[in-house]
1. What whole-number value in Å² describes the accessible area per residue of the chain for a 1.4 Å probe?
2. Give me the extension gain from Lys129 to Lys74: residue separation times 0.36 nm, minus the current Cα-Cα distance, reported in nm with one decimal.
3. Figure the gain on full extension for Gln52 and Thr28 (residue separation times 0.36 nm, minus the Cα-Cα span) and round it to one decimal in nm.
4. Suppose accessible area is computed on protein heavy atoms with a 1.4 Å probe; arrange Tyr35, Tyr218, Tyr106, Tyr86 from highest to lowest.
5. Pick out, in residue order, every one of the GluC sites (Glu not before Pro) in region 136-237 that is DSSP loop and has at most 13 other C-beta atoms within 10 Å; say none if there are none.
6. With a ≥ b ≥ c the root eigenvalues of the C-alpha gyration tensor of region 97-177, is it rounded (a/c under 1.5), prolate (a/b larger than b/c) or oblate?
7. Rounded to the nearest 5, what % of the DSSP beta bridges within the chain are antiparallel ones?
8. Could you quote the convex hull projected area for region 48-114, Cα atoms only and averaged over all directions, in nm²?
Amino acid sequence: MVAVALVATVTQQAFAHTQLYNVAIGTTVYDKYEYIQPVVGPRLSPVADFTQKEIRCRNTDGSSLPNSPYLSVKAGTTFSVNWHHYNASLQDNMVSPSHRGPCMIYLGKVTPSPDDIQWFKIYELGFNKETNLWCSDVARNNHGKVDVVIPKDLEDGNYLLRTELLALHKAAAPMGAQFYPNCVQITITGSNNKFLTPPPAYVKFPGEYQPNGKGILYDIRTDKGLTYVIPGPVVYPPVQNPS
Ligand SMILES: [Cu+2]
């Protein structure tokens, strides 16, 4: 009994935390960390203080690195992000099942100082009452892969595509929410070069996430997802009604 319990614990710890491992456009899968900004400190660990600059890209400030390339992406295409642990094998688990919560993807046009980046959200998935699954469950069941459509209605240019997993298992205590952001450097081409009305709801990082914020200070054990509200602004573009 003791041996079995020990093995189970070790396995869980091995897959605690997560990172963005690579990205893909259609069948083109890029190398591990290619176009993804480096992380300061332990690569898999959550952001230590989500009210500080580390919340941007899990590094010091989200500055583009000298000589660090941008991946060209056509507006309107489907962009895939892959969360893994150590490798992309089927045995590798994206994140421990104990780490449940929403996923979010943001875009921010690159500015000379990353402090000035205006971020807007292009994807979110929280809790589904019918399936009883969080985004972390859905993504893990999909081997860590989440797809997002790069909007047609924006401006061409260099962007940071900010992926984020939020694990809520300790979020009932202030500053207990575990954010796992990563930034991909992309150049968007072929857009309509104008935003829809209403335009994106821009936010700043740090700033948007507060210790007592909605969906951040949250007791997942008692609420079980039922009244959960995903943090951050509304998604752009707004979901189109089927015609
Ligand atoms: Cu963790």
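The values are calculated or read from the model by the stated rules, or taken from the named source; none is laboratory data. Owing to the predicted nature of the structure, the values given are computational and were not obtained by experimental measurement. Methodologically, a virtual Cβ is constructed for each residue, glycine included, from the backbone with ideal geometry; neighbour enumeration extends over all protein chains shown. In case anyone asks, the SASA skips ligands and DNA or RNA and just uses the protein heavy atoms, side chains included. Shrake-Rupley method; radii C 1.70, N 1.55, O 1.52, S 1.80 Å.
1. On the way: 11600 Å² over 243 residues.
Computed with neighbouring chains in place, this is 48 Å² per residue.
2. Details: separation 55, 0.36 × 55 = 19.80 nm, distance 3.43 nm.
Value of the extension gain: 16.4 nm.
3. On the way: separation 24, 0.36 × 24 = 8.64 nm, distance 3.46 nm.
Working it through step by step, the gained length comes to 5.2 nm.
4. Details: Tyr35 50, Tyr218 25, Tyr106 0, Tyr86 120 Å².
Result, largest first: Tyr86, Tyr35, Tyr218, Tyr106.
5. Values: sites: Glu155, Glu164, Glu208; in loops: Glu155, Glu208.
For GluC sites (Glu not before Pro) across region 136-237 that sit outside H, G, I, E and B with at most 13 neighbouring Cβ atoms in 10 Å, the list reads Glu155.
6. Values: a/c = 2.82, a/b = 1.59, b/c = 1.78.
Taking the square roots of the gyration eigenvalues as a ≥ b ≥ c, region 97-177 is oblate.
7. Numbers: 41 of 46 bridges.
About 90 percent, rounded to the nearest 5.
8. Details: hull surface 28.4 nm².
Projected area, direction-averaged: 7.1 nm².
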